[in-house]
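Step one of this worksheet: look at the structure below.
What follows is calculated from the coordinates using simple rules that are stated; it is not laboratory data. Fair warning: this is a prediction, and the values are worked out from it, not measured in the lab. No Cβ is skipped: glycine too gets one built from the backbone with ideal geometry, and neighbour counts run over all protein chains shown.
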Amino acid sequence: MPPALVTRGLGKRYGRVEALADLDLQVEEGELVGLLGPNGAGKSTLVKIAVGLVRPSAGSAEVCGAPAGSRTARGRLGYLAELFRFPGWYSADELLALHQRLAASRGGEAERRELLELVGLAGERGRHVDTMSKGMQQRLGIAQALIGRPPLLLLDEPTSALDPAGRRTVRGLLEELRRRGTAVLLNSHLLSEVELVCDRVVIIDHGRVVARGTPAELSHAKGVEIDTAAGLRTYPEARREDVPGIVAGLVAAGEPVYGVRVVQTTLEEAYLEAVEDSGP
């Protein structure tokens, strides 16, 4: 199977503004990839090229082996934009039925029921969009993006309007999609959510990839903290492999040890370091 999404040397210019420059990216089947970067970094341009709304100035992009923007590629992806608006007079069921017709899905009522249950709206089939909270509309938007079981899902800030319970629902949904083999490119400013759910992270700035890897690979040690009878002791330069020797020394000196923690940078800290190092 070809990758769900692959870009090679992708570039996009708007006049003198270089939105993307020689960007290489790959999202495999069933992989959840977090796309991070400051405002104006090129994230939205990348997503619009993948969807087919924007044509690249250089390089190429493919969706499941088909050129981005082609009819075949569009049929293999689902998309939820950050700013979307559904007809307020439609019920949840009517809205999904409309998008089934647009996507030529033959899933019928069974698909609509399954999707509403998947996003936690099983009891809201008849509820009109204009009576829903922003969070409910967000989850309904994810349901419409999943019509036809596309192998690639592009989500732009899908948890921005959700409360903690709603974000947990979406995390569970993303984990289920991974189990089904659906690939997801998740554009989000909520780094804690990305860190919890994504297999890999790609950080871009000024149209270029400035860091990539798993959340664990992007973090690094920040020392060791040891809880003792005398209080919390910190060893800023220590690493995981130093812990046994430190603990043995404290115990030999007669100091009780109650807990040990190896401190790691968070994804937020790794993100800020990568963006700051990329320069203007």
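Scan around Leu153 for amide H atoms under 5 Å from its own, H built in the peptide plane at 1.01 Å from N, and keep only partners 5 or more places away or cross-chain.
Hits under the 5 Å cutoff: Gly78, Ala183, Val184, Leu185.
I'd like the per residue volume of the convex hull spanned by the Cα atoms of region 1-56, given in cubic angstrom.
Measuring per residue, one finds 82 Å³ for the Cα hull of region 1-56.
Among all lysine pairs in the chain that are eight or more places apart or on different chains, how many have alpha carbons less than 25 angstrom apart?
Lysine pairs satisfying the spacing and distance rule in the chain number 4.
Sort largest first and round to whole Å: the equivalent ellipsoid semi-axes of region 161-241, each the square root of five times a Cα gyration tensor eigenvalue.
Over the Cα atoms of region 161-241, the semi-axes work out to 32, 19, 13 Å.
In debye, nearest 20: dipole of the chain around its Cα centre with unit charges on the Cβ of K, R (+) and D, E (-)?
Taking the Cα centre of the chain as origin, the dipole is about 1260 debye.
Would you mind checking which residues have amide H under 5 Å from Gly213's amide H? H placed 1.01 Å from N; only 5 or more apart, or other chain.
The list, which skips near neighbours in sequence, is Val201.
Using only Cα atoms, what is the ratio of the radius of gyration of region 141-200 to 2.2 N^0.38 Å?
1.04
Across every pair of different alpha-carbon atoms, what Kirkwood hydrodynamic radius in Å does region 52-97 reach?
Kirkwood hydrodynamic radius for region 52-97: 13.0 Å.
Could you list Ile142, Ile226, Ile246 so that the one with the fewest beta carbons within 10 Å of its beta carbon is first and the one with the most is last?
Ascending Cβ contact count within 10 Å gives the list Ile246, Ile226, Ile142.
Normalising by the residue count of the chain, find the relative contact order in percent from Cα pairs under 8 Å and 6+ residues apart.
That works out to 21 percent.
From the backbone phi of region 12-17, what are the Karplus-calculated ³J(HN,Hα) couplings (6.51 cos²θ - 1.76 cosθ + 1.60, θ = phi - 60°) in whole Hz, Gly and Pro given as x?
Listing the rounded values in order: 8, 10, 10, x, 8, 8 Hz.
Tell me which residues come under 5 Å, amide H to amide H, from Ser57 once H is placed; ignore anything under 5 positions away on its chain.
For Ser57, the qualifying residues are Gly11, Lys12, Arg13.
Mind grabbing the base-10 log of I(q)/I(0) for region 221-264 at q = 0.21, 0.25 Å⁻¹? Debye formula, identical points on the C-alpha positions, no solvent, two decimal places.
-0.59, -0.82
³J(HN,Hα) across region 225-239 via Karplus (A = 6.51, B = -1.76, C = 1.60, θ = phi - 60°), whole Hz, x for Gly/Pro?
Karplus values, whole Hz, x for Gly and Pro: 10, 10, 8, 10, 4, 8, x, 7, 9, 10, 10, x, 9, 6, 10.
For Arg101 paired with Ala58, estimate the spin-label separation in nm (one decimal), with each label point 7 Å from Cα along the Cα-to-Cβ line.
Distance between the two pseudo-spin positions: 4.5 nm.
How far, in nm, would the chain grow between Phe84 and Glu117 when pulled straight, counting 0.36 nm per residue and subtracting the alpha carbon separation?
9.7 nm
Under the Karplus relation 6.51 cos²θ - 1.76 cosθ + 1.60, θ = phi - 60°, what is the ordered set of whole-Hz ³J(HN,Hα) values for region 47-56, x standing for Gly and Pro?
Computed from phi, the couplings for region 47-56 are 5, 5, 5, 4, 6, x, 7, 10, 9, x Hz.
I need two numbers for region 5-214: Rg to one decimal and Dmax as a whole number, Cα atoms only, in Å.
According to the Cα coordinates of region 5-214, Rg and Dmax are 16.8, 51 Å.
Provide the gained length on full extension for the span Asp22 to Arg71, in nm with one decimal, where the gain is 0.36 nm per separating residue minus the Cα-Cα distance.
Extending this stretch completely gives an extra 15.1 nm.
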